[in-house]
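Here's the structure, in structure tokens; my notes come after.
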Amino acid sequence: MRPRVHPWVLERVMSGAMGPSGLEGIASGGMHSLLLDSNGKIWSFGLNDSLALGRSSKLPDGKPDNVPELVPGLEGFRVTAIAASDNLSVAISQTGELRAWGTFNSDGLLGFMGRKDKVMVPTALPAFSKELICAVACGEDHALALTCSGSVYAWGNGASFQLGRRILPRRKENGLRPERLPLRGVVGVFAGPHTSFAVDRDGAVFAWGLNQMRQTGVDDAAQHITTPTEVTALHPDNHGGARVVEVSGGEHHTHFLFDTGAVWACGRSGADRLGLPDDYPPAIAHNAEVAAMQLRAVERNTILERDLAADVAEFDDLPDPLPRRDDFLVPTPVRIAFPPPPTSTDPTPALPLYAAPPSATRIAHISAGERYTLAIDSGGVLYSWGEGNASQLGLGNVANARTPTRVANTALRDHRVVAASAGGQHVLLLGVKRDDAL
């Protein structure tokens, strides 16, 4: 499947029902979606088992559940930002107020604000009664809020230390109340499924949470990064002054966008998550090592087929199971290469050699799903890579893309993509009409 225009939404945008400028924001949760219109109102659709839609699950007779409905209970609350986890929705107003609804879910109902409950009505959280909130980010089952004074709060499921503090298994509900982290001067917060990130005013990036595949980028092989720890490899001093402006992570990988339009990534390379090409030097070395192991395994098995009692001690160093081709860890963020910008005469330029200088393509936005990633360049061209077994890549029948691949079809030909949100098994795109088609 490739990207398609939502006909119901298009009709409402064209009629002015979604404000003078149509939609301003999108957010994909696990199986629900939020739309922010230019009137500052939120529309929701999708699965509502956890009340993440902020309204009743009962729809008018004959109305399909993929048709957005307004979220009630936000009268006089002009929304400027939205975010969604698997089971929670969050909104921020132009005056810095925060509302949340739905629940957190950890191997069963975890709850909302200290109660084992689901909340349908957008609700203010007492922890923020004296705070102005400027930004919010959601992981799979946790949330981060950034105050306008540069402090960070975290709440939700803290089983993987994504809250930056220890939550005892028998006291999981303690994570449901937002608590402030020991960070100052923060200007951006971001979340992967089980990871959290913050960028401060000096351009330093901090990470915490699950790290078993080195997806935090922290120079530490620990399974969990328990408290906010600087990712020194991303400091502006190591990138000619360039700063990270956006972070987006999947199940075992994370991508970092710099203000120069460059994208770097770390974590697990399997399933093409990172977007690294065949000629990436560590990939060449890894695949050669795997091939050698496979040959030795064949040799060992051939000997045993002839004589089960044969001495094969020389093969005892072979790991079981054998490592897989193209599946290795990238502990420190590395550059991701993109094709040159498309033109009318060359709509899908080839990816340059990894050792070659970076192409002129500058990325403006990234969004990662579980095993895939989306990127939008400064010209509104969409790229995808990784594994998308539910057509999340937008490349038709292509379920895997090794490297950033342009998503181009009839629906996108006349549109410039300005935002993307990668959900559990679906993707939302926000686009505007192009002056000239590519």
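Read-outs throughout are calculated quantities, based only on the coordinates presented, and are distinct from any laboratory measurement. These figures come from a predicted structure and were not determined experimentally. Glycine also receives a Cβ, built like all others from the backbone with ideal geometry; neighbour counts cover every protein chain displayed.
Below are the figures for this structure:
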read-out: Ranked packing of 329-341, 395-407, most packed first, by mean Cβ within 10 Å; value: 329-341, 395-407
read-out: Under 5 Å, built H, 5+ apart or other chain: amide partners of I336; value: V263, W264, A265
read-out: Within straight-line cross-link reach of K41, aspartates and glutamates at Cα separation under 13 Å, skipping those fewer than 8 residues along the same chain; value: E24, E69, E75
read-out: Dipole-positive endmost among L98, G76, G54 within the chain (Cβ charges, Cα centre); value: G76
read-out: Within straight-line cross-link reach of K130, aspartates and glutamates at Cα separation under 18 Å, skipping those fewer than 8 residues along the same chain; value: E97, E179
read-out: The chain, relative contact order [Cα under 8 Å, separation at least 6], %; value: 12 percent
read-out: Per-residue HN-Hα couplings for the stretch 384-390 [Karplus 6.51, -1.76, 1.60; θ = phi - 60°; Hz; x = Gly/Pro]; value: 9, 7, x, 10, x, 5, 10
read-out: Modelled FRET efficiency - R0 35 Å, R413 with A360, Cβ distances, 0.05 increments; value: 0.95
read-out: By average C-beta atoms within 10 angstrom, highest first, the peptides 381-387, 208-214; value: 381-387, 208-214
read-out: 3J(HN,Hα) from dihedral phi, the stretch 81-93, Karplus parametrisation 6.51/-1.76/1.60, rounded to Hz, x for glycine, proline; value: 8, 9, 8, 9, 9, 4, 9, 10, 10, 9, 9, 10, 9
read-out: Karplus-derived 3J(HN,Hα), 6.51/-1.76/1.60, for each residue of the stretch 99-105, Hz, glycine and proline x; value: 10, 9, 7, x, 6, 10, 9
read-out: Order by protection proxy (mean Cβ within 10 Å, highest first), peptides 72-82, 33-43; value: 33-43, 72-82
read-out: Sequence-distant aspartates and glutamates (8 or more away, or on other chains) whose Cα lies within less than 15 Å of K172; value: D107, D117, D141
